[in-house]
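**Q** Just passing along the structure, written as structure tokens.
Readers should treat all values here as calculations from the given coordinates under stated rules, not as data from a laboratory. Quick caveat: nothing in here was measured; it's all calculated off a predicted structure. As a convention, Cβ positions derive from the backbone with ideal geometry for all residues, glycine included, and neighbour counts pool all protein chains shown.
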Amino acid sequence: MTTETTGGSRLSPLATPAFRWFFIGQVVNRLGSSMAGVALAFAVLDIDDSAAALGWVTAASSIPMVVLMLLGGAIADRLPRAVVLRGCNTVQGVAQALTAVLVITGTAEIWHLVVLQAVAGIVFAVSYPAFLGMVPILLPVEERQGAFLLIGQATSAVGILGPALSGVLVATTGPGWALGFDAATYLVAAALLLLVRLPPGDRSTAKPSVIGDFVAGWAFARQLGWVIPAASCALVFNALVSGAINVLGPVIADDTIGSEGWGLARSAQAVGVFVAAFFLAKVTITWPMKAIMVAFVIWCVPMLVLGTYVDVWLLSVAFVVAGAALSLLDLAWNLLVQEKVPEAMLSRIMAIDGFFSFVATPIGQIAVGPAAVAFGAGSVEIGCFLIAVAVAAFALTRRRITDVQLTGAPPPELST
């Protein structure tokens, strides 16, 4: 990477009306979603105070999301993405509103929440790749880096604010009202997308069926050469982080810095994402896959602290660094995909990446417990970090990864 000062304002993407309405809608949506996790957990525990019940409700969303992600990308590429997002937000808003009503009235049962969360997971499998394909059709090339950073900053900011607001609402009025707020944000986002008017994209290469579009997307990913190797690396890194940090981290913290210290340290990651965006706005990324692999390793730095000397401030600094790495990773990947992938194929490529990223999460979560019992929690943390270093080092020996370069050229044309 090289650094240079960019000429435009960091907020200049907001001058484009279509992007501005899309951005505002996503900020509102993310605020509600960041509140929903806390509220849903307490709503479940109010009905059935067991980890098993919470696990069923959580899995009800994640399983269909992973299973249908690749087809979701094909659907998002086949139809106008703003229309897809509008429909997805509406369905998710209605499903969450039903959840809120059931919880507020005291009539909710676990099977109700399982069904409604399954609906949310199915819809997310389509909305996620559609969302990731929006920026390149809303903005010219020179504005996209700033747009990706703005979205990252907004997500990190509401990631700090949302759970705190949800905690207050749950404690004062109950989890149902926080879920109701989340439902309202989906519907507001859907309404704002009515203001995002775009010409229809070129779909002349679309296949007769969604399955045909999916097969074409997978073939194009293989043709590019770097998508599947990079996604495979992401699978390993996400498995490591989901286990070593998200599951084993709180266990270690409970014996050292407590839940308050763990909460403070975790919130520092969002701070790192937010602050890093100011610096990344002045960075030109030339070798994106190299930057991504380095960022993956830096993202795992908190494992070193958790495996050696757990201090709340040292761990907070580690998470700030990890957040900055995440900001770099997301920016490099988004810039790479928008330059190398035609608009008509964007959501399918993003869905392939999303599928690999999400499918590994339960693997890490399940494996880390037995490993900690067998080898000790600290040793598992250090071992996971060393695996991350080894995977990144191996990836950086592959020409398909190291030779990928950003040149500023327009995306290639799809052959009919």
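**Q** Separation of the stretch 334-371 and the stretch 375-403 by C-alpha centroid, Å?
**A** Comparing the Cα centres of the stretch 334-371 and the stretch 375-403, I get a distance of 18 Å.
**Q** I want to check the label-to-label distance for Arg197 and Ala59. Put each point 7 Å from Cα in the C-beta direction and report it in nm to one decimal.
**A** Distance between label points: 4.9 nm.
**Q** Follow-up question, since we're still on this one. Could you line up Asp46, Asp182 from fewest to most neighbouring Cβ atoms inside 10 Å?
**A** Result, fewest neighbours first: Asp46, Asp182.
**Q** Taking the stretch 235-323, which chymotrypsin sites (Phe, Trp or Tyr not before Pro) meet the DSSP loop condition and have no more than 14 other C-beta atoms within 10 Å?
**A** Qualifying residues, ordered by number: Tyr309.
**Q** Mind giving me the FRET efficiency for Ile366 and Ile24? R0 is 35 Å, r the Cβ-Cβ distance, nearest 0.05 is fine. Write down the numbers at each step before the final one.
**A** Numbers: r = 39 Å, r/R0 = 1.11.
After rounding to 0.05, the efficiency reads 0.35.
**Q** Of Ser62, Ala76, Leu45, which is farthest on the positive side of the dipole of the chain, counting Cα position, with +1 on Lys and Arg Cβ, -1 on Asp and Glu Cβ, and the Cα centre as origin?
**A** Projecting each Cα onto the dipole axis, the largest value belongs to Ala76.
**Q** Taking springs between alpha-carbon atoms closer than 10 angstrom, which of Leu335, Leu11, Leu386 fluctuates most in the Gaussian network model of the chain?
**A** Leu11
**Q** Taking the Cα centre of the stretch 202-407 as the origin, how large is its charge dipole in debye, to the nearest 20, when only Lys and Arg (+1) and Asp and Glu (-1) carry charge on their Cβ atoms?
**A** 720
**Q** Using the beta-carbon distance between Arg398 and Val83 and R0 = 30 Å, what value does 1/(1 + (r/R0)^6) give for FRET efficiency, to the nearest 0.05? Please list the in-between numbers first.
**A** Details: r = 39 Å, r/R0 = 1.29.
Efficiency at R0 = 30 Å is approximately 0.20.
**Q** Moving to a separate point now. So, in nm, how far is label His112 from label Phe375 when the simple model puts each one 7 Å beyond its Cα toward the Cβ?
**A** 4.5
**Q** Which is the longest part of the chain that has none of the GluC sites (Glu not before Pro) sitting in a DSSP loop with at most 13 other Cβ atoms within 10 Å?
**A** Result, exposed sites excluded: 110-412.
**Q** Pull out the extension gain between Val94 and Asn246, defined as 0.36 nm times the separation in residues minus the alpha carbon to alpha carbon distance; nm, one decimal.
**A** 51.7 nm
**Q** Another one. With Cβ to Cβ distances under 15 Å as the rule, what net charge do the other residues near Ile292 carry (K, R +1; D, E -1)?
**A** 0
**Q** Label-point separation (nm) for Val101 and Val67, each offset 7 Å from Cα along Cα-to-Cβ?
**A** A separation of 2.7 nm, rounded to one decimal place.
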